[in-house]
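Structure below; questions to follow.
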Amino acid sequence: MRQHQAFPSGSLFTLLLICLLFFTSSVDAQQQAEKIYWYAQGGRIYDNWMGLVGRKEQLKRNLNITDFLKSHPAYPEEGKQKGFTTWRCKECHGWDYRGVDGAYSNGDRFTGISGVLGMAGRPVADILAIIRNRNHGYTKDMIDDQSANSLALFISEGLIDCNS
């Protein structure tokens, strides 16, 4: 009497298993690589979104640049920086993402504004809403949706605590 095998035997099964593992791991690797790319883009946007998306000249043409040349409305008046610089995320929230509790706790970059480390793990949609809210004021004309999503993804999942 012949026994029924639950799985194919021999080299065919091995080949199928290898193909399945390769396909699965390559899909995972590709997804991970794409996520890392978007984290990096988000980090670059956090540092200097105007430079990354080449927006400075476009902003001058398309927006009421007189307002934009002024300091960001939420930037403290007593802050030492002025104009475009104050519109960079890192200018208020710190290059180390700690804001008032980090490298910008004193000196020329002091603003008294909290960092973004506390936002790590929050839903991307919540962070995106904050980027677009009245306080931050980043419109789609300034930071397009894809760039804003990259920034929110970076803050949610890509932050690295520089002090740990």
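Please sort 119-131, 39-51 by packing, taking for each peptide the average over its residues of neighbouring beta carbons within 10 angstrom, highest first.
39-51, 119-131
Once you list every other residue whose beta carbon is under 12 Å from the beta carbon of LEU117, what net charge do they have if Lys and Arg are +1 and Asp and Glu are -1?
Within the 12 Å Cβ shell, the charges total -1.
Counting only C-alpha contacts under 8 Å and six or more residues apart, can you give the relative contact order of the range 40-158 as a whole percent?
Value for the range 40-158: 29 percent.
Near GLY79, within a Cβ-to-Cβ distance under 13 Å, what is the net charge of the other residues, with Lys and Arg +1 and Asp and Glu -1?
+1
Quick check: the distance between the Cα centres of the range 118-164 and the range 67-96, to the nearest angstrom?
A separation of 17 Å, based on Cα centres.
Grab every C-alpha pair in the range 40-158, bin the distances at 5 angstrom width from 0 up to the longest one, and report whole percents.
Pairs per bin, as whole percents: 2, 12, 22, 26, 21, 13, 4, 0.
Summing Lys, Arg as +1 and Asp, Glu as -1, what charge do residues with Cβ under 12 Å from the Cβ of ASP28 carry, ASP28 excluded?
0
Sticking with this one: Is any residue of the range 94-112 close enough, with backbone N under 20 Å, to a label point placed 7 angstrom from the Cα of ALA74 along the Cα-Cβ axis, and if so, which?
Residues passing the 20 Å test: 94-106, 109-112.
All of the numbers you see were taken from the coordinates with simple rules; none came from a lab. Remember, it's a predicted structure, so these values are computed and weren't measured experimentally. Every residue, glycine among them, receives a Cβ derived from its backbone with ideal geometry; neighbour counts consider all protein chains shown.
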